[in-house]
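The values are calculated or read from the model by the stated rules, or taken from the named source; none is laboratory data. Remember, it's a predicted structure, so these values are computed and weren't measured experimentally. Neighbour counts are summed over all protein chains in view; Cβ atoms, including those assigned to glycine, are modelled from backbone coordinates with ideal geometry.
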């Protein structure tokens, strides 16, 4: 329900490709579809939680491209912090969340200290409408466990005024994307801007001068190509927008 706690293992009951995907959902020869041999055996890897203070079970053995779908019917509309509780012995895991098909954010999973050392990854101020909701969690890079999902109500209050910097960036859309992604830049004085794309190895694969942009709102885009105009592979990239005074960056997920 919303608000409330949803165990990660309580994803929708249904067929592979409709309620979940898992890289080894088929029988692997020793009788198990579920590497953890726990709770249910429809393909998603589940294990008994090694934290005695946590929920009984958690999702484990995550792999890139896997996803889980949750249909939520008992819903109180409002603004919520969405918390996904994860654990990982090392950093590098990445996932994203969608609500009713709208992208909520791409999350980097840090090292939490172990497979059962749980930590909440927070997507703040998620607007939830009335009626049935459809939540999707998709793995981009593996290496972490998932225990629970929490919708926590946010007390509505008047925010303090925000002092704007030299320029600011909107959220990339769509994100994940294929084949192109858009992003808004808002600036408050004329300046010369550049756009660069960096891969996870730290290599610059694309660069473009945007020239001088007058004050206002400007739409930027990247078509998922490198310096040579060739399409790049699926993965996580950083879009860096710079002028002579500052640089801002946004994380992009390309899914071919």
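Structure values in brief
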item	result
Which listed residue is at pLDDT below 95, surrounded by fewer than 17 Cβ atoms within 10 Å (Cβ to Cβ) and touching a strand residue (DSSP E or B) at 6+ places or on another chain (Cβ under 7 Å), from 77, 110	77
Only one of 70, 96, 39 that is closer than 19 Å to residue 148 by Cα and modelled with pLDDT under 90	39
So residue 245, is it farther than 27 Å from residue 107 by Cβ and at pLDDT 95 or above	no
So residue 239, is it modelled with pLDDT of 90 or more and either assigned by TED's automatic domain parsing to the domain that holds residue 97 or more than 24 Å from residue 93 (Cα to Cα) (or both)	no
Hits in segment 186-209 (condition: closer than 23 Å to residue 254 by Cβ and touching a residue at least 40 places away in the same chain (Cβ under 8 Å))	193, 194, 195, 196, 197, 198
Residue match in segment 139-149 (condition: surrounded by fewer than 15 Cβ atoms within 10 Å (Cβ to Cβ) and modelled with pLDDT under 95)	no
Residue 219 vs. criteria within 19 Å of residue 180 (Cβ to Cβ) and either assigned by TED's automatic domain parsing to the domain that holds residue 198 or in contact with a helix residue (DSSP H, G or I) (Cβ under 8 Å, 6 or more places away or on another chain) (or both)	yes
Any hit, segment 156-172, residues being within 29 Å of residue 87 (Cβ to Cβ), at pLDDT below 95 and in a strand (DSSP E or B)	no
Residue under evaluation residue 183, criteria (1) touching a residue at least 60 places away in the same chain (Cβ under 8 Å); (2) in a strand (DSSP E or B); (3) within 16 Å of the chain's Cα centre (by Cα); (4) surrounded by 15 or more Cβ atoms within 10 Å (Cβ to Cβ), criterion not met	(3)
Positions within segment 106-124 being more than 15 Å from the chain's Cα centre (by Cα) and either assigned to a loop (DSSP other than H, G, I, E, B) or touching a residue at least 40 places away in the same chain (Cβ under 8 Å) (or both), in sequence order	111, 112, 113, 114, 115, 116, 117, 118
